[in-house]
Amino acid sequence: MLISGANFAFKRHVFERIGGYHVSAFSADQYDISTRLSRQGKVLLDRRLIALTSARRVKKPFLRILRDVFKNITMVTGWVLEHISQFFRSLYRSPRFFHSVKNTLPILGLVGILFWGYASPSSQLFGKVYFEGDGQGKNIALTFEDGPSPEYTGAILDILDKYNIKATFFVVGKQVEVYPELTREILERGHILGNHSYSHDANHALSDFGSKDMLRCAEVICQYTGITPCLYRPPYGKSSPWELAATKEMNMITVNWSYAVEGDSLAGTDNAVSKVLDEINPGCILLLHDGYGIDSNSLESDCQLTLKVLDSLISNLLKQGYNFVTVPVLLGTNAYS
């Protein structure tokens, strides 16, 4: 039980048994004492008793109250930092410290390498992942993922038609089921379809769920379009050894990206285009979005800025002499099996 008032009574011998006052305790006396007393027996609360207190402590000028608040914050911060400092000083002086560090650092290093291999779109740690072409000629590939979506996919197709450019769309299986006509329209306009998993799960690659999800997406795409993509892009670019092995068994290749046109880089159209132009090189695979997984009612799924950037981006890259090709053309591989 925790007593919230400062007026309470206890037996002296019990108080002495719990060690009396703890001068190092930073909490109020009633909190510290009542907590330790509760371990010795019951704490009784008599609701019939009334305690009269004075309000003189809070009847102060505002500036004085403000000063006291900052003073208390400073005291608490100093106390915390002092105890943290004491802990690390004692740890540093311990002979076990260096032994623990010596044994722990290799493990932490290995964990870091494995995490990088799992999360980095360009990692080759667990197997072959394509994220760029060979750089011969000024060829680049536009890729869109997380669609199809009725809000943005059609508008993106119109912009691509304006410049007679073909792109690669990595579609989500659940979205294909909801918008099969839009999926077929991507093909009819001459673009390439790729597999982007069925459910777009963030941690798909940590178990065999990822390979099953990939297979289910392939089946859904085949059901509604009659084709089976050879290109697979894992959600969020994450990969694992067993998922890459499953990709190989299904006669597919894993394709990520060189540069992502998303997030903060879309803060303004001119700024986004300038950033891409500074980063791009021949052979780049650019990532853009025409949806957001299976989510279509959130701020993250808003691709209006992508539409604003895309037209200007294509125009500027064409002026610099770049050629837009599909991923299979850029990598010299098959689009469908």
Count, please, the residues in segment 308-321 that happen to be of a type outside the set (D, E, K, R) and open to solvent by 20 Å² or more (accessible area, probe 1.4 Å).
6
From the list Phe126, Phe169, exactly one residue is assigned to a strand (DSSP E or B) and either out of contact with any helix residue (DSSP H, G or I) (no Cβ under 9 Å at 6 or more places or on another chain) or not aliphatic (A, V, I, L, M) (or both). Which is it?
Phe169
Is it the case that segment 178-196 has a residue that's outside any helix (DSSP H, G or I) and under 22 Å from the mean Cα position of the chain (by Cα)?
yes
Go through (1) modelled with pLDDT under 90; (2) under 30 Å from Tyr179 (Cα atoms); (3) open to solvent by 70 Å² or more (accessible area, probe 1.4 Å); (4) out of contact with any Cys (no Cβ under 8 Å at 6 or more places or on another chain) one by one and return the number of the condition Lys275 breaks.
(2)
Being hydrophobic (A, V, I, L, M, F, W, C) and buried (at least 23 other Cβ atoms within 10 Å of the Cβ) is the filter; apply it to segment 161-192 and report the residue that is nearest to Ile221 (Cα to Cα).
Val176
Let me spell it out: the conditions are (1) more than 17 Å from the chain's Cα centre (by Cα); (2) under 30 Å from Pro282 (Cβ atoms); (3) open to solvent by less than 30 Å² (accessible area, probe 1.4 Å); (4) hydroxyl-bearing (Ser, Thr, Tyr), and Ser239 meets all of them except one. Which number is the exception?
(1)
Name the pairs whose Cβ atoms lie under 9 Å apart, with the first residue in segment 126-137 and closer than 12 Å to Lys248 by Cβ, the second among the aromatic types (Phe, Trp, Tyr), and 6 or more positions between them or separate chains?
Phe126/Tyr118; Phe126/Trp242
Any residue at all in segment 215-224 that's open to solvent by less than 20 Å² (accessible area, probe 1.4 Å) and either in a loop (DSSP other than H, G, I, E, B) or over 23 Å from Thr333 (Cβ atoms) (or both)?
no
Here the residues within segment 8-31 that are modelled with pLDDT under 65 and surrounded by 10 or more Cβ atoms within 10 Å (Cβ to Cβ) are Ala25, Phe26, Ser27, Ala28
Among the residues of segment 52-65, is there at least one that is more than 26 Å from Lys11 (Cα to Cα) and at pLDDT 80 or above?
yes
Tell me, yes or no, whether segment 148-156 has at least one residue that is open to solvent by less than 10 Å² (accessible area, probe 1.4 Å) and either within 21 Å of the chain's Cα centre (by Cα) or not hydroxyl-bearing (Ser, Thr, Tyr) (or both).
yes
Restricting the search to segment 202-254, which residues are β-branched (Val, Ile, Thr) and either over 23 Å from Thr326 (Cα atoms) or at pLDDT 95 or above (or both)?
Val220, Ile221, Thr225, Ile227, Thr228, Ile253, Thr254
By residue number, the members of segment 234-257 that are within 16 Å of Ser337 (Cβ to Cβ) and either touching a residue at least 12 places away in the same chain (Cβ under 8 Å) or assigned to a strand (DSSP E or B) (or both) are Ala246, Thr247, Lys248, Met250, Asn251, Met252, Ile253, Thr254, Val255
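The values are calculated or read from the model by the stated rules, or taken from the named source; none is laboratory data. What you see is a predicted model, and the numbers here were worked out from it, not measured in a lab. We place every Cβ from the backbone using ideal geometry, glycine too, and count neighbours over all the protein chains shown. Ligands, DNA and RNA are excluded from the accessible area calculation, which covers all protein heavy atoms including side chains. Shrake-Rupley method; radii C 1.70, N 1.55, O 1.52, S 1.80 Å.
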